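The values are calculated or read from the model by the stated rules, or taken from the named source; none is laboratory data. What you see is a predicted model, and the numbers here were worked out from it, not measured in a lab. FYI the Cβ positions are ideal-geometry reconstructions off the backbone, even for glycines, and counts take in every protein chain you see.
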Amino acid sequence: MSQEHPGPEGPGEILRLTMAFYGSRALISAVELDLFSALARGPMTSAQVCAAVGVHPRGATDFLDALVSLGLLDREGDRYHNSPAADRYLDRRKPGYVGGYAHLADAMLFPVWANLTEALRTGKAQVPSEGGFFDGYGDDQATRSFLGAMDAVNGGVAHRLATGFDWRRYSSFVDLGGARGNLAATLIRHHPDLEAICFDLPQLEPFFTEHQAALGAAPSPRFVAGDFFTDPLPPADVFIVGHVLHYFDLQQRQRLLARILEAVRPGGAVLVYDRMIDDERRVRTLSLLGSLNMLLTSPGGREYTPSECRTWLLEAGFTRIAVQDVGPPDTLVLGYKK
Ligand SMILES: C[S@@+](CC[C@H](N)C(=O)[O-])C[C@H]1O[C@@H](n2cnc3c(N)ncnc32)[C@H](O)[C@@H]1O
């Protein structure tokens, strides 16, 4: 199979790839400055932007015009406004906000990616805590930033799961490693008769309570605190496991899937979603690079292909495995319990 991208043909494209992080960093800084929320209130000149978000005039016009060229802003005369996509997804006040991932990139991923060579040499994660990322829940601000990043991605998956899976046959689900219950809340907004549990580490319970209050949604999922490797899992018809398996090594994934099989009621299902790599391991650049992100941030994780996931589900005892696209960038693998 050929690659989706033919690859660079000359030095210009190689240099463009070398400097691709310039654009990424410009977007991240714009989110950090909350520029898009400011411009959502109305168009501004460069000087007005400087005053509104606290930018020095020296770089301001180049910064704004670079964002125009990236398709994130537009300019009419000397006034800048958000592009339609930036207005919908990067204005902090709108429900579709995905800027949470940029905050995480700013606080954690950018510094960590600077150590990629070291991680490749040693095979070791480059986050400060030895236990990996989830040991870092001590700092509330960092935790909120992480949870906002998760919600930026799981919001889209939640809508696709709500409409693309036949929930009529089921009455309950557990979102395992469900963070602050963003996906669970979306699912029961669409299917209010479902009994919903968000299962996560006890440190996340206050953030769950805070987020559910902010969503103001009724009904709300219930939070069950625990460690999914050691504590009893609440029984349910469906278990959702999203952006969880990729963090752990193979043995841990197998152990978790075996525990889920026990907890799923007969006739029930497991739904695994992750930023999976294509089976040929050629095309999904973001997933392949995402796997390096797991090298950098977890003790034993990596991204995986739908075929690998199918094998683990069959080995655990699930049947009728199916694969669905719920991205970009996520893929869903479903299995059923007899
Ligand atoms: C990357 S987040 C994914 C959150 C959410 N499922 C999503 O798709 O956005 C992984 C979640 O697993 C939780 N988690 C990690 N280890 C856990 C454990 N041993 N027991 C319970 N939850 C755990 C983390 O606290 C975090 O909320």
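Some observations on this one:
- Screening the stretch 228-252 for residues that are of a type outside the set (Asp, Glu) and out of contact with any strand residue (DSSP E or B) (no Cβ under 9 Å at 6 or more places or on another chain) and picking the one that is farthest from the ligand (Cβ to nearest atom) gives Leu250.
- The residue that is nearest to Trp312 (Cα to Cα), counting only those in the stretch 273-287 that are part of a helix (DSSP H, G or I) and within 15 Å of the chain's Cα centre (by Cα), is Ser287.
- Single residue of the stretch 207-257 satisfying the filter (part of a strand (DSSP E or B) and of a type outside the set (A, V, I, L, M, F, W, C)) that is surrounded by the most Cβ atoms within 10 Å (Cβ to Cβ): Gly242
- Considering (1) crowded, with 21+ Cβ neighbours inside 10 Å; (2) near the ligand (Cβ under 9 Å from one of its atoms); (3) not hydroxyl-bearing (Ser, Thr, Tyr), the lone condition that Ala196 does not fulfil carries the number (2).
- Qualifying residue in the stretch 211-224 (condition: within 11 Å of the ligand (Cβ to nearest atom), of a type outside the set (Ser, Thr, Tyr) and assigned by TED's automatic domain parsing to the domain that holds Thr186): yes
- For the residues Arg144, Arg168, Arg160, Arg189, the requirement of being free of Cβ contacts under 8 Å to residues at least 12 places away in the same chain and either among the hydrophobic types (A, V, I, L, M, F, W, C) or not in a loop (DSSP other than H, G, I, E, B) (or both) singles out Arg168.
- Filter pass, Ala184 being away from the ligand (no atom under 15 Å from the Cβ) and within 29 Å of Val31 (Cα to Cα): no
- Residue match in the stretch 110-123 (condition: within 12 Å of the ligand (Cβ to nearest atom) and closer than 24 Å to Arg253 by Cβ): no
- Scanning the stretch 274-289 for residues that are surrounded by fewer than 19 Cβ atoms within 10 Å (Cβ to Cβ) and either of a type in the set (Phe, Trp, Tyr) or without any contact (Cβ under 8 Å) to a residue 60 or more places away in the chain (or both) yields Asp278, Asp279, Arg281, Leu286, Leu288, Leu289.
- Counted residues, the stretch 261-295 - those being touching a Lys or Arg at 6+ places or on another chain (Cβ under 9 Å), away from the ligand (no atom under 11 Å from the Cβ) and of a type in the set (A, V, I, L, M, F, W, C): 10
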